[in-house]
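S.K.: Sharing a structure, written as structure tokens. Questions coming.
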């Protein structure tokens, strides 16, 4: 994913002007990467190295969602709704 895509995602989900690393932004970036990699793996079924990377990204996103659920339940539900995630 190019830097341009990442910066546009950051601008959309940032909580204040200089926010680049909040949980909301990290979850949004990971969700976009997971979507792109899932499409790649549908076309390339034997790419096991990328599949391992996908599993790591999904695990990282799950940990961030767990953190958000512990700290701010309202934001957690908002993020789930925005990204259409099931939990």
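S.K.: Where does helix 48-71 land angle-wise versus the long Cα axis of the chain, in degrees 0 to 90, nearest 10?
M.R.: Tilt relative to the chain: about 10 degrees.
S.K.: Same structure again: Kindly express, to the nearest 10 degrees and within the range 0 to 90, the angle between helix 3-13's C-alpha long axis and the longest C-alpha principal axis of the chain.
M.R.: 40 degrees
S.K.: Which whole number in µm²/s is D for the chain by Stokes-Einstein, with the Kirkwood Rh taken over Cα pairs at 4 °C and 1.567 mPa s?
M.R.: 94 µm²/s
S.K.: How far is helix 73-83 tilted off the main Cα axis of the chain, in degrees rounded to 10, range 0 to 90?
M.R.: 40 degrees
S.K.: Taking only C-alpha pairs under 8 Å that are 6+ residues apart, what is the relative contact order of the chain in percent?
M.R.: 24 percent
Every number here is computed from the coordinates shown, using simple stated rules; none is lab data. Quick caveat, the model's predicted, so the values are computed rather than measured.
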